[in-house]
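So the structure is just underneath, and the comments pick up after that.
The values are calculated or read from the model by the stated rules, or taken from the named source; none is laboratory data. Nothing here was measured: the structure is a model prediction, and the numbers come from that model. Cβ placement follows ideal geometry from the backbone for every residue including glycine, while neighbour counts extend to all protein chains displayed.
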Amino acid sequence: MRRHSTSAIVIVLMLTIGASLGSASTPAADAELAGKLQSRLDRWRINHHAPGVAAAVRLPDGSRWVGVSGKAIRGRDGRPVWPGTPFAVGSLTKTFMAALVLQLRDEGHLRLGTPISQWIPWYPKADKITVKMLLNHRSGIFDYFAHPRYERLVFGRPSHKWRRSEILKLTGPRYCAPGKCFRYSNTNYVLLDIIATKVAGRSSAAEIRDRFLEPLGLTDTYFQGQEPIVKTPAKGYWWLGDHYRGFADGSRRRPNTSGATVAHTAGAMLSSARDISDWQDALLGGDLLSPRSMELMLTLPPKKPYGLGIRRAWLDGKPAIGHGGSLRGFVSIMYRLPGEDLDVVILTNLGRTDLQGLADKLTRVTLKHLEPEPPQDPEPEPLP
């Protein structure tokens, strides 16, 4: 797969990142590195009692390793994880929504500085909240996931299908005045759905499919609650010390119908490790947005860890950009090391776990493998 550079982007540090589209022609990483990465993946799954896990590492030359381990669905009739197995990816959905809004900006359909009262005049303080504040979580709006009745309303009714109007009734006290603080809030990205739908004239899910999923060949990716799910996804679980707890309700929605649909445009998507790897490469490589929109998305000033749908992280002590996600029974990450031009994706169907240690290990193994061999000392001349 080809890799090509883009214009410089400010993320506190200057960086250049590459991109490529599709996965059919992606060359595989060499066998030695693949074996080392697979060993770390298997070991992590066993040590953490994870039912299953999938990961992808894309190297600077465009080659890629995709590894899987364990079960997508437990039980006697369960099935193993495959490279194309969809997992609930939670807040990785926000990267798709941010890209949609920024494409609409590039096309001249909206401005990031416009108050949301233009589309949502009934929302409290709508004349003070801008589109950009929703994207970078500086609106001060209460996070509906933190509602005191969230657990009972969502997981007490696993087959309930949430409507957007119901979600927006899960309100609470503001965190701060608009623009005065950074507080992560899933409600921001539900409101962005209203704006994108009114601007585009159809659902965000339909726009994301036509703009991103189909052109990029992301055949394992679905927007739960808004389109059919063709492939059977992994089921999500908790490990409770001596047994697993599952959350499926008999449908293909994950973790179940209620948990999937309440996440809406803040976290409802399903995807595989290989699809998220291709998505990350296209998005962060600059193939989808204008240089100015890329700069806006990836501007992460000190003490402000979040740009526009992208956040700062660290992999093996090195600065990274991307996003993490979780939904009941699932955890996911997608991160790029800009300085090393290296991408890491991990998805698991074990909830309440931390993927940081595994991400660090996969990064460390890969970078060590890529180190050039030290020059050999010349053979000494034989004595006469």
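Taken as a whole, the structure leaves ASP127 outside the set of residues that are at pLDDT 95 or above, touching a helix residue (DSSP H, G or I) at 6+ places or on another chain (Cβ under 6 Å) and buried (at least 16 other Cβ atoms within 10 Å of the Cβ). Within region 101-127, the set of residues being more than 16 Å from SER293 (Cα to Cα) and among the small types (Gly, Ala, Ser) comprises SER117, ALA126. Please indicate, with yes or no, whether at least one residue in region 10-30 is of a type in the set (Ser, Thr, Tyr) and at pLDDT 95 or above. The answer is no, given that none of the residues of region 10-30 is of a type in the set (Ser, Thr, Tyr) and at pLDDT 95 or above. Among the residues of region 138-145, are any at pLDDT 95 or above, within 20 Å of ARG111 (Cβ to Cβ) and surrounded by fewer than 22 Cβ atoms within 10 Å (Cβ to Cβ)? Taking every residue of region 138-145 in turn, none turns out to be at pLDDT 95 or above, within 20 Å of ARG111 (Cβ to Cβ) and surrounded by fewer than 22 Cβ atoms within 10 Å (Cβ to Cβ).
Only one entry in ASP193, ASP210, ASP220 is in a helix (DSSP H, G or I), buried (at least 20 other Cβ atoms within 10 Å of the Cβ), under 23 Å from the mean Cα position of the chain (by Cα) and at pLDDT 95 or above, namely ASP193.
Take the residues of region 70-79 that are in contact with a Lys or Arg (Cβ under 6 Å, 6 or more places away or on another chain) and assigned to a strand (DSSP E or B): which is farthest from ASP354 (Cα to Cα)? Per the criteria, the residue is ILE73.
Scanning region 70-101 for residues that are farther than 19 Å from VAL199 by Cβ and charged (D, E, K, R), we see that the one that is surrounded by the most Cβ atoms within 10 Å (Cβ to Cβ) is LYS71. From the list ARG245, ARG254, ARG292, the lone residue that is part of a loop (DSSP other than H, G, I, E, B) and either modelled with pLDDT of 95 or more or surrounded by fewer than 21 Cβ atoms within 10 Å (Cβ to Cβ) (or both) is ARG254.
Filtered by the rule that a residue be within 17 Å of ALA54 (Cβ to Cβ) and either assigned to a loop (DSSP other than H, G, I, E, B) or within 14 Å of the chain's Cα centre (by Cα) (or both), region 343-353 gives ASP343, VAL344, VAL345, ILE346, LEU347, THR348, ASN349, GLY351, THR353. Counting the residues of region 25-69 that are assigned to a helix (DSSP H, G or I) and among the hydrophobic types (A, V, I, L, M, F, W, C) gives 7. Assessment of region 277-285 against the conditions (hydroxyl-bearing (Ser, Thr, Tyr) and in contact with a Lys or Arg (Cβ under 6 Å, 6 or more places away or on another chain)) yields at least one matching residue. Quick check on my filter: what residues within region 163-190 are surrounded by fewer than 17 Cβ atoms within 10 Å (Cβ to Cβ), outside any helix (DSSP H, G or I) and small (Gly, Ala, Ser)? The answer is GLY172, ALA177, GLY179. Do the conditions hold for LEU104, that is, is it among the aliphatic types (A, V, I, L, M), surrounded by fewer than 23 Cβ atoms within 10 Å (Cβ to Cβ), outside any strand (DSSP E or B) and at negative phi? It is true that LEU104 is among the aliphatic types (A, V, I, L, M), surrounded by fewer than 23 Cβ atoms within 10 Å (Cβ to Cβ), outside any strand (DSSP E or B) and at negative phi.
Checked against the criterion of being over 19 Å from GLY267 (Cα atoms), among the hydroxyl-bearing types (Ser, Thr, Tyr) and in contact (Cβ under 8 Å) with a residue 60 or more places away in the chain, region 300-314 has no qualifying residue.
Among the listed residues LEU213, LEU270, which satisfies the condition of being in contact with a Phe, Trp or Tyr (Cβ under 9 Å, 6 or more places away or on another chain), of a type outside the set (S, T, N, Q) and free of Cβ contacts under 8 Å to residues at least 24 places away in the same chain?
From the options LEU213, LEU270, the qualifying one is LEU213.
Filtered by the rule that a residue be surrounded by fewer than 22 Cβ atoms within 10 Å (Cβ to Cβ), under 26 Å from ALA282 (Cβ atoms) and without any contact (Cβ under 8 Å) to a residue 40 or more places away in the chain, region 345-370 gives a lone residue, GLN356.
If the condition is being in contact (Cβ under 8 Å) with a residue 40 or more places away in the chain and not in a helix (DSSP H, G or I), then region 147-162 contributes ARG157, PRO158, SER159, HIS160, LYS161, TRP162.
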